[in-house]
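One structure is given below, encoded as structure tokens.
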Amino acid sequence: MLRETIAILSTVSLTVSASINLPSGEDWLDHTTKGLAPYWVMPSAQGEPIGNFPTFRCDDGTLLNVSDVCPELKRDWIAPHFGKDFTRMKSRQTFAYGVLYHLTGDPKALNLAKQGAYYIIDELQDKKNGGFISYTQKGKAGLDWQQRTSQDQAYALVGLAMYYYLTQDKKVEQALIAQQAFIFEKYRLEDGLGLAWVLADSSDGSAKQRELVAQLDQINGYMLLIAPLLEEPIKSKWFNDLNWLTQTMVEHYHSKSEQRFYGAIHHKAAMMPNANHNDFGHTIKAYWMTYLTGQTLKNSEWSTFGLKGMKHTLEQAQYQKNFASVSGYFNEQLQEKWKDQDITGWQSRPYSQWSSSWEWAELDQAAMTVSLVDGSMKEVLQYTLPTFHDVWVDHKYGGVGLEPKRTKAFHWGNGYHQFEHALIGYLYSQQVENKSATLHYARPKNSKMPVAPYYFQGDVIDIDMQEDGTQKVRFENIQP
């Protein structure tokens, strides 16, 4: 039933309406504060102590009770991980609070981001071996240090990266620099295929694996956002590593003939279209990161490659459905607006006719990026963006789940993707409407750190110093 529901929601149109209406910047702020935030600012989300964010929560916000498991968490692929407390999920939730502050200026959100970042640094670093603990179980590290995935090592930093981008916090900066050096020293492969998945075998992975996300999530998780903000000589080192990692990804993990990225390359079976991570979500993120890295490093070849790949993938990911067959999942306003139409949405793989929320978000973000570059994609976005706001969001308790309104906090799901989607959406809509975008920072008053709107570029037209020393920055001419 679940897959049928998601299939119904994955839709696309070949017919363009005469009038294209996209969510406004105010719609995105409402989506963030009223649609997403309520689930993530509940006391149950904040942890004990605050900053020790829980991995598992039910859709109404209550903490997991293993003796009476709520239906949304009673899954055979989730239940084996009960009792594990994942560092990556604390970091992803830290990122979400950072975006909430970035868009609203809410000091409570900034404090939650700080508590999360400091808890990760103070409590979850492996002070003996280096890096970060992947998860704890009964208060102890769950894996030997060589068994921790490089993806987990990257995602331990995603929240720290957002907090540093907002604040220029020196303690967080030191942790970012030390962790990047650890990853690139310990995980760099001698066979030239990038970074290792793990250094020693365990039930979580094999040292023989060559995984796309071992490369991609270093770029996506922290490097692309933070590298331009660092001082020399660290900045040049990060740029060199970013260049090497992107080159490796494009050369070894990309299929020219199929115009997609392989999820893994250690075995032919891992490269097949139906194998793990061989979906439009991972491919579009890899093209998006390659495009943005090309822009950052002024590599026009990568920018062209990434833009072309995004456009091809977005075309392949669209799917068609008549609105009449799915109208019951939408609010009355959209039912009236879209009746007698075909509507647009995203699918995870060719002809799969379903998608998860993170894939939907990644495809939207790439589509908005392409739209800023060449003005296209609005015919698709006029459907996919309102659908995310309406169908995917749990309007009772807040937040977005893996499926529409369901399964919102588990060992791979929390606020990260939905809040990044909201940030990109707000910047996109303000630019499309030729309005300035306002973002909030909490950097030192005399900071000389470059100011840019997340992964994009923009002209700073005003910096309004607030009474508490934070900054309210207005951008115009936002471009990827």
Approximate spin-label separation residue 52-residue 463, in nm, with each point projected 7 Å along Cα-to-Cβ: 3.8
The chain: radius of gyration over Cα atoms, expressed as a fraction of 2.2 N^0.38 Å: 0.92
5 Å binning of all Cα-Cα separations within the stretch 200-245, expressed as whole percents from 0 upward: 5, 19, 24, 17, 13, 11, 8, 3, 0
Per residue, the convex hull volume that the Cα atoms of the stretch 69-177 enclose (Å³): 123
Solvent exposure of the chain as accessible area per residue, Å², 1.4 Å probe: 40
Cross-link pairs 235/472; 114/237; 84/138 - those with Cα-Cα distance over 18 Å: 235/472; 114/237
Set of lysines with alpha-carbon distance to residue 285 below 16 Å, sequence-local pairs under 8 removed: 308, 311
Percent breakdown of C-alpha pair distances by 10 Å bin, ordered from the shortest bin, for the stretch 303-452: 10, 35, 37, 15, 4, 1
Those aspartates and glutamates that a straight Cα-Cα span of less than 17 Å connects to residue 378, excepting residues fewer than 8 apart in one chain: 27, 315, 342, 362, 364, 433
The stretch 252-342: Rg to Rh, with Rh as the Kirkwood radius over Cα pairs: 1.15
Computed [θ] at 222 nm, deg cm²/dmol, the chain (DSSP H ≥ 4; -39,500 (n - 2.57); rounded to nearest 500): -13500 deg cm²/dmol
Convex hull (Cα only) mean projected area of the stretch 20-129, reported in nm² to one decimal: 9.6
Distance from the stretch 151-221 to the stretch 242-286 (C-alpha centre basis), Å: 18
Rounded FRET efficiency, nearest 0.05, which uses the C-beta distance separating residue 236 from residue 188 and R0 of 22 Å: 0.80
Protein accessible area in the chain, 1.4 Å probe - carbon and sulfur %: 49
Neighbour-limited loop hits for GluC sites (Glu not before Pro), the stretch 246-346 (at most 13 other Cβ within 10 Å; DSSP other than H, G, I, E, B): 258
Principal axis box of the stretch 427-480, alpha-carbon based, largest edge first, Å: 32, 19, 14
Range in the chain, longest, excluding exposed trypsin sites (Lys or Arg not before Pro) [loop by DSSP; at most 12 other beta-carbon atoms within 10 Å]: 1-73
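The values are calculated or read from the model by the stated rules, or taken from the named source; none is laboratory data. Just so we're clear, the structure is a prediction, and the values are computed from it rather than from any experiment. Neighbour counts are summed over all protein chains in view; Cβ atoms, including those assigned to glycine, are modelled from backbone coordinates with ideal geometry. Only protein heavy atoms, including side chains, enter the accessible area calculation; ligands, DNA and RNA are left aside. Shrake-Rupley method; radii C 1.70, N 1.55, O 1.52, S 1.80 Å.
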